[in-house]
1. So which residues in region B:29-47 are away from chain A (no Cβ under 14 Å), within 25 Å of A:ALA124 (Cβ to Cβ) and either surrounded by fewer than 16 Cβ atoms within 10 Å (Cβ to Cβ) or over 17 Å from the mean Cα position of the chain (by Cα) (or both), if there are any at all?
2. Tell me, which residue of region A:151-162 that is crowded, with 18+ Cβ neighbours inside 10 Å, in contact (Cβ under 8 Å) with a residue 12 or more places away in the chain and part of a helix (DSSP H, G or I) is nearest to the other protein chains (Cβ to nearest Cβ)?
3. So which residues in region A:104-124 are without any contact (Cβ under 8 Å) to a residue 60 or more places away in the chain, within 11 Å of another protein chain (Cβ to nearest Cβ) and open to solvent by 10 Å² or more (accessible area, probe 1.4 Å), if there are any at all?
4. Looking at A:ALA142, A:ALA165, can you tell me which residue is closer than 24 Å to B:PRO114 by Cβ, among the aliphatic types (A, V, I, L, M) and either open to solvent by less than 70 Å² (accessible area, probe 1.4 Å) or more than 12 Å from chain B (Cβ to nearest Cβ) (or both)?
5. Identify the residue in region A:110-134 that is more than 12 Å from B:GLY127 (Cβ to Cβ) and among the aliphatic types (A, V, I, L, M) and, among all such residues, is modelled with the lowest pLDDT.
6. State which residue pairs qualify: first residue more than 8 Å from chain A (Cβ to nearest Cβ) and assigned to a helix (DSSP H, G or I) and inside region B:190-208, second residue of a type in the set (A, V, I, L, M) and surrounded by 14 or more Cβ atoms within 10 Å (Cβ to Cβ) in any location, beta carbons under 6 Å apart, and separation of 6 or more residues or different chains.
7. Considering only residues that are at the interface with chain A (Cβ under 8 Å from one of its Cβ atoms) and touching a Leu at 6+ places or on another chain (Cβ under 9 Å), which ones fall in region B:179-189?
8. Scan region A:48-62 residue by residue and report those that are open to solvent by 40 Å² or more (accessible area, probe 1.4 Å) and at positive phi.
Number of protein chains: 2
Amino acid sequence: MSEQTTTGRAPRARRSDGLRTREAILEHAARLATVEGIEGLSLARLADDVGMSKSGLFAHFGSKEELQLATVETAGRIFDEVVVAPAQAAPDGLARLTALTDGFLQHVEDGVFPGGCFFASVVAELGAHPGPVRDSALVVLANWEGLLVQALERARTAGEISSDADVHQLAFEIGGSLLLANVQFVVMAAPLPLERARRAITSRLDSVRTP
Amino acid sequence: MSEQTTTGRAPRARRSDGLRTREAILEHAARLATVEGIEGLSLARLADDVGMSKSGLFAHFGSKEELQLATVETAGRIFDEVVVAPAQAAPDGLARLTALTDGFLQHVEDGVFPGGCFFASVVAELGAHPGPVRDSALVVLANWEGLLVQALERARTAGEISSDADVHQLAFEIGGSLLLANVQFVVMAAPLPLERARRAITSRLDSVRTP
């Protein structure tokens, strides 16, 4: 940003620049957190990466915890845009469920976050550290699990799957395959674990599908 | 340890004390790494925790990487003692497989490591950081996966499960449930995810069991 941002000219453009800068910093922070950890996000490191002074960055976020909370929020927005929202185009029920799980595996394969799923990463890191940052990531994970359960409930109501299918148990098993595929893909950078997760989900759903 | 350890007396006892001290430090380091991260293991923090000087600890390990590698080795020994070795008492095949997975879930529930499975924790943290520490943890995970596959192969050879069962795919699905149970247990500190993993593994094995 230029010196002009401290003058009185073009206030709307300036505010928009400021918002864009803030979002660009947070998108970088979200990607970085999946590699270095969200506790590894320091204002100094981030300032260096985005070419701002530490005091300039401090003016944006105030504290490390505010930066972390804003990073979780941005990661949630990205996850929503890339995975959740596109799946809403699929009809509710098994088609929606498959759109959600395929979208999840695709965002891992595409390296939307270089260290894999942002929320898996934060919860693995902060699992034993209760606090607002962990809790904000857990809210996103609970919403995600809720989407899977909801699509399965709809599939059950619509008679796509057996009326006695345990939708919470199914969502757990699907979630387990997604999580392991995510971890293994980051390490191997090869599609085999993603393929295994797709096969696991298909065969598990086939086992409860009505004839 | 007393000043006596710098004199010439009782060398065998001294060496044994030294080994015990080293193991005690590493066991503490392994537990701590599941909460603070293995990158969060600093000689300074550890020295403080075990009541030694940083220079005394440095004499034991030389560098942070040597400390991390020794910590992974100690965690592997603990995992072997608590989970792997006891399962060898079960007959090879499905009984051995169940002993391994039950042992894994029990070590999570018992809080052998307060942040859950040591190796899941290290790989989540260092997944995108190739290097000797990550690789030493991956060797333990590969051995673990090998044990699951081997027990399933034996079950297939013995006719306990269908001759066309895909043992690598089964091991992946079982591993996914174990991993998600581990992560959720650390967050919730309640047995539900462990119960879900047991149910998932039982129903998946039932689906390939011969009549």
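The values are calculated or read from the model by the stated rules, or taken from the named source; none is laboratory data. Small disclaimer: the values here were computed from a predicted structure and weren't measured. Note that each Cβ is placed from the backbone with ideal geometry, even for glycine, and that neighbours are counted across all protein chains shown. Please note that ligands, DNA and RNA were not included when accessible areas were found on the heavy atoms of the full protein model with its side chains. Shrake-Rupley method; radii C 1.70, N 1.55, O 1.52, S 1.80 Å.
1. Once the filter is applied, which keeps residues that are away from chain A (no Cβ under 14 Å), within 25 Å of A:ALA124 (Cβ to Cβ) and either surrounded by fewer than 16 Cβ atoms within 10 Å (Cβ to Cβ) or over 17 Å from the mean Cα position of the chain (by Cα) (or both), region B:29-47 yields B:LEU43, B:ALA44, B:LEU46.
2. First, the residues of region A:151-162 that are crowded, with 18+ Cβ neighbours inside 10 Å: A:151-152, A:154-156, A:160-161.
With in contact (Cβ under 8 Å) with a residue 12 or more places away in the chain added as a condition, the list becomes A:151-152, A:154-155, A:160-161.
So of that shortlist, the ones also part of a helix (DSSP H, G or I) come out as A:151-152, A:154-155.
Working: A:ALA151: 18, A:LEU152: 14, A:ARG154: 21, A:ALA155: 18 Å.
The extreme case among them is A:LEU152.
3. Once the filter is applied, which keeps residues that are without any contact (Cβ under 8 Å) to a residue 60 or more places away in the chain, within 11 Å of another protein chain (Cβ to nearest Cβ) and open to solvent by 10 Å² or more (accessible area, probe 1.4 Å), region A:104-124 yields A:GLY111, A:ALA124.
4. A:ALA142
5. Within region A:110-134, the first condition is being more than 12 Å from B:GLY127 (Cβ to Cβ), and the residues that meet it are A:110-112, A:118-119, A:122-123, A:126-134.
Checking which are among the aliphatic types (A, V, I, L, M) leaves us with A:112, A:122-123, A:126, A:128, A:133.
Working: A:VAL112: 97, A:VAL122: 95, A:VAL123: 94, A:LEU126: 92, A:ALA128: 87, A:VAL133: 96.
So the residue we want is A:ALA128.
6. B:LEU194/B:LEU105; B:LEU194/B:ALA181; B:ILE201/B:ILE174
7. Filtering region B:179-189 down to residues at the interface with chain A (Cβ under 8 Å from one of its Cβ atoms) leaves B:179-181, B:183, B:186-187.
Hits for region B:179-189 are B:LEU179, B:LEU180, B:ALA181, B:VAL183, B:VAL187.
8. Keep residues of region A:48-62 that are open to solvent by 40 Å² or more (accessible area, probe 1.4 Å), which gives A:48-55, A:58-60.
Within region A:48-62, just A:GLY51 meets the criteria.
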